[in-house]
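Novice: One structure is given below, represented as structure tokens, and several questions about it will come after.
Please treat every number below as a calculation from the coordinates, not as lab data. Model, not experiment: these values are computed from the prediction. Counting neighbours? That spans all protein chains shown, and the Cβs are built from the backbone with ideal geometry, glycine included.
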Amino acid sequence: MSVVTYRIIRRRVKYPRLEVWGNEIWIIVPSNVDPWRVVRENKRWLIRQIEIVRRAVELSERIELVPRTRRKFRSLVERVVREYAKELGVEVNKIFVRRVKSAWGSCSGRGNITINAAAQWLPERLVRYIVYHEICHLRRWRHDREFERLMGEKFPDHEDLDLQLQAYWIKLKEQNKTCGGP
Ligand SMILES: [Zn+2]
């Protein structure tokens with residue numbers, strides 16, 4: 001049995017996009033594009049992702065969710081946001097903790113930070129990783145080289161952290177603690 005689930009998602013996007021969520025690979029295409037063409041064109045990338053999904057599934061069987069109340073989680077997020085905003089010299093407007101689909105966090109142009117409530121169950125280091133990513137967006141809007149440099153300096157083990165996040169996503173989904181549908 002394959003560990004990977006593929007989803008073909010028709011959405012009003014300009015360009016086809018591939019996303020990996022837990023053990024699912026999403027092929028997001030506009031209505032006039034053949035999803036299988038996108039698969040063929042990204043074969044090498046997909047093969048690499050399938051291997052990563054396999055590792056994430058394995059890891060998901062070995063990790064434990066962290067029991068923490070929503071209140072405790074909120075205060076952790078607020079503390080870490082303040083710490084990193086100071087460190088990076090940026091202003092954060094509002095902080096939201098709420099259930100969101102298919103994202104650990106997001107950042108708005110107004111300086112509002114949203115963290116997925118599902119991250120409540122994650123170890124502190126992963127929460128910090130998610131928060132730092134969003135705060136970095138207040139310095140660099142795009143995932144460009146400078147952004148990658150900022151992230152890499154603070155979290156040199158980001159590849160491992162990404163794998164852990166993927167494993168936690170799988171675990172949380174199994175326990176219906178995400179609203180992770182496309
Ligand atoms: Zn980002």
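Novice: Just tell me which aspartates and glutamates come within less than 13 Å, Cα to Cα, of Lys43; anything on the same chain fewer than 8 places away is out.
Specialist: Candidates past the 8-residue exclusion: Glu51.
Novice: Now for a different question. Putting +1 on Lys and Arg Cβ atoms and -1 on Asp and Glu Cβ atoms, find which of Ala85, Ile9, Val66 reaches farthest to the positive end of the dipole of the chain.
Specialist: Ile9
Novice: In addition: Rg and Dmax of the chain over Cα atoms: what are they, in angstrom?
Specialist: Spelled out, the Cα radius of gyration and Dmax of the chain are 17.0, 49 Å.
Novice: Right, here's the next one. Name the aspartates and glutamates eligible as straight-distance cross-link partners of Lys154: C-alpha to C-alpha under 18 Å, and not fewer than 8 places from it in the same chain.
Specialist: Result set, ordered by chain and number: Glu83, Glu87, Glu124, Glu134, Asp144, Glu146, Asp162.
Novice: Same structure again: Rounded to whole Å and ordered largest first, report the semi-axes of the equivalent ellipsoid of region 1-69 derived from its Cα gyration tensor (root of 5λ).
Specialist: Value: 28, 15, 9 Å, ordered largest first.
Novice: Further question on the same structure: Taking the Cα centre of region 39-134 as origin and charging only Cβ (+1 Lys, Arg; -1 Asp, Glu), how large is the dipole, in debye to the nearest 20?
Specialist: My answer is approximately 280 debye.
Novice: Two-decimal Rg/Rh of region 38-122 from alpha-carbon positions, Kirkwood Rh?
Specialist: Result for region 38-122 is an Rg/Rh of 1.10.
Novice: While we're here: May I ask which residue of Val20, Ala117, Ile170 lies farthest towards the positive end of the charge dipole of the chain, with charges of +1 (Lys, Arg) and -1 (Asp, Glu) on Cβ and the Cα centre as origin?
Specialist: Ala117
Novice: Could you work out how much longer the chain between Ala103 and Glu124 gets when fully extended? Use 0.36 nm per residue separation minus the Cα distance between them, nm to one decimal.
Specialist: That pair, Ala103 and Glu124, stretches by 5.8 nm at full extension.
Novice: Follow-up question, since we're still on this one. For helix 70-88, report the angle its Cα long axis makes with the longest principal axis of the Cα atoms of the chain; keep it between 0 and 90° and round to the nearest 10°.
Specialist: Approximately 80 degrees, to the nearest ten.
Novice: Taking R0 as 30 Å, what's the FRET efficiency between Arg139 and Ile50 from their Cβ-Cβ distance, rounded to 0.05?
Specialist: Computed FRET efficiency for Arg139 and Ile50: 0.35.
Novice: Could you run the Karplus curve 6.51 cos²θ - 1.76 cosθ + 1.60 with θ = phi - 60° over region 93-110 and give me ³J(HN,Hα) per residue in whole Hz, x for Gly and Pro?
Specialist: Along region 93-110, the couplings run 7, 10, 10, 10, 10, 7, 6, 10, 7, 6, 6, 7, x, 8, 9, 9, x, 8 Hz.
Novice: With a cut-off of at most 11 other beta carbons within 10 Å, and DSSP calling the residue loop, which chymotrypsin sites (Phe, Trp or Tyr not before Pro) in region 94-142 qualify? Please list them.
Specialist: Sites meeting the loop and neighbour criteria: Trp141.
Novice: Counting Lys and Arg as +1 and Asp and Glu as -1, each charge on the Cβ, what is the dipole of the chain about the Cα centre in debye, to the nearest 20?
Specialist: Here the chain has a charge dipole of around 760 debye.
Novice: Structure shown: which of Lys72/Lys101; Lys101/Lys171; Lys86/Lys171 lie over 27 Å apart, alpha-carbon to alpha-carbon?
Specialist: Lys86/Lys171
Novice: Once R0 is set to 22 Å, what does the formula 1/(1 + (r/R0)^6) return for the Cβ-Cβ distance between Val13 and Glu146, expressed as a FRET efficiency to the nearest 0.05?
Specialist: 0.30
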